[in-house]
Amino acid sequence: MKGLAMLGIGKIGWIEKDAPKYGPLDALVRPIVVAPCTSDVHTVWEGAIGERTDMILGHESIGEVVEVGELVKDFKKGDKVIVPAITPDWGSINSQRGFPMHSGEALGGWKFSNFKDGCFAELFHVNEADANLAHLPDDVDPVAAVMLTDMTTTGFHAAELAEVKLGDTVCVIGIGPVGLNSVAGANMMGASHIYAVGSRPDCARVAKEYGATEIINYKQGDIVDQILSKTKGAGVDKVLIAGGNVDTFAQAIKMLKPGGAIGSVNYLGSGEFIKIPRIEWAVGMGHKRINAGLTPGGRVRMEKLASLVQTEKYDPSKLITHRFEGFEKMEEALLLMKDKPSDLIKPVVII
Ligand code: NDP
Ligand code: ZN
């Protein structure tokens, strides 16, 4: 089978591989709709997780089941499925501890395009199909649904990590496709003022549609000053981080009220350390929490997100700005993600 792979740091290309083998609990899936991710860009062009050779990329897909193992109960050949980016080993100790995204080891639930071939292929393997696939509901558009697999779940997770509560004032740093979902998630969880930090007008427009009350442009002055000025020096209850770099945490601490929380889902592609400013962290006694993590995945998570689309409480299609048609367009879509023109939020490839 053919797939679009990371050949080494900084290099992608098409390769041929044997179709993956599958065990009794697993499935083989053919992608129908896929999307490239900023994480693929960190992985390939920043070498953020180290060297990978001939690893097929891609972890966001809607697919059709081609084969299932003999112990799979709820899925059969021909079923249309939502495939989460994170596919844990549900029996692992870390899963039992409540962290399936770290099944086996830290980040172990993130298999596709991390340490296993991903979905930019004619076929791909899904472990524990009954626990890691979700049926695509008939009334949910597969193109919109591909956003659920990573963008929605990750963006919402920032709001979960910060434990956004009714009436909270929230700053969302970064309003690419992930941060836009943090805005939507915070809004649905009851935030009042939502300050959304970004510079691109298309992202700012969608942020407003998802519930942002104000846009802060980080290119037009320090965001800490801007937030403190807008909140009359009080700061915010919660900061959700979905963009920026290792220095963003210092800004988040500075704009956070005592007792506030940071929820970060940013993939830190470079930098050795994250610095916490001692004074603004109330000399270590401010109850300013930092909670950072990989999104949960799995079947139930996808079913719940799909139910928000079915009930029209949330519309993931607002994120899609570029549509490509045809398997071979994956390469163009991924390079577009790397170059990130200003009108891009998220590209999809319809196969
Ligand atoms: P984008 O690059 O599309 O968006 C990044 C956002 O951050 C943009 O709004 C950008 O502004 C803004 N930004 C950039 N630099 C700064 C800065 N110095 N200060 C403030 N804002 C800044 O990324 P995505 O939305 O696709 O992804 C966000 C992050 O989430 C990535 O690191 C990605 O790898 C990660 N991720 C994490 C996952 C997880 O499970 N934890 C899963 C999937 C993704 P501008 O408007 O100028 O572009
Ligand atoms: Zn991703």
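The values are calculated or read from the model by the stated rules, or taken from the named source; none is laboratory data. A quick note: this is a predicted structure, and the numbers were derived from the prediction, not measured. Heads up, the Cβs are rebuilt from the backbone with ideal geometry, glycines too, and the neighbour counts pull from every protein chain shown. Protein only, heavy atoms only, side chains kept; ligands, DNA and RNA dropped before computing areas. Shrake-Rupley method; radii C 1.70, N 1.55, O 1.52, S 1.80 Å.
For region 13-92, the set of trypsin sites (Lys or Arg not before Pro) satisfying both a DSSP loop assignment and a count of at most 10 other C-beta atoms within 10 Å is given as K21, K73. Counting only Cα atoms, the size of the chain along its three principal axes is 60, 38, 37 Å, in decreasing order. If you plug the beta carbon distance of D222 and L7 into 1/(1 + (r/R0)^6) with R0 = 35 Å, you get a FRET efficiency near 0.30. C37 accessible area, nearest 10 Å², 1.4 Å probe? Near enough 0 Å² of accessible area. Checked against a 22 Å cut-off, the cross-linked pairs K2/K116; K219/K254; K21/K329; K254/K318; K288/K313; K232/K275 give Cα-Cα distances beyond that limit for K21/K329; K254/K318; K288/K313; K232/K275.
Annotation: per residue accessible area for region 53-119 equals 42 Å², rounded to a whole number [probe 1.4 Å, protein chains only]. The sum of -39500 (n - 2.57) across all DSSP H runs of n ≥ 4, divided by the residue count of the chain, sets its helix-only mean residue ellipticity at 222 nm to -7000 deg cm²/dmol. What a 1.4 Å probe finds exposed on the chain is 52% carbon and sulfur by accessible area, rounded to a whole percent.
For region 134-174, the residues whose amide N sits under 19 Å from a probe point set 7 Å from the Cα of K76 along the beta carbon direction are 134-138. Each residue of region 1-116 gets 111 Å³ once the volume of the Cα convex hull is shared out per residue. Computed with a 1.4 Å probe over protein heavy atoms only, the accessible surface of region 236-351 comes to 49 Å² per residue. If the segment from E46 to A282 were pulled out straight at 0.36 nm per residue, it would be longer than the present Cα-Cα gap by 81.5 nm. Over region 115-259, with a single point scatterer placed on each C-alpha, what log10 of the ratio I(q)/I(0) does the Debye formula yield at q = 0.17, 0.19 1/Å? The Debye formula, applied to the Cα set alone, gives -0.91, -1.06. How big is the antiparallel share of DSSP beta bridges in the chain, given as a percent to the nearest 5? Taking every DSSP beta bridge within the chain, about 50 percent pair in antiparallel fashion.
Computed from label points 7 Å out along Cα-Cβ, the spacing between Q310 and Q96 is 3.2 nm. Solvent-accessible area per residue in region 121-169 equals 30 Å², computed with a 1.4 angstrom probe and all protein chains kept.
Across the chain, the longest piece that holds none of the GluC sites (Glu not before Pro) lying in DSSP loops with up to 12 other C-beta atoms within 10 Å covers 106-271.
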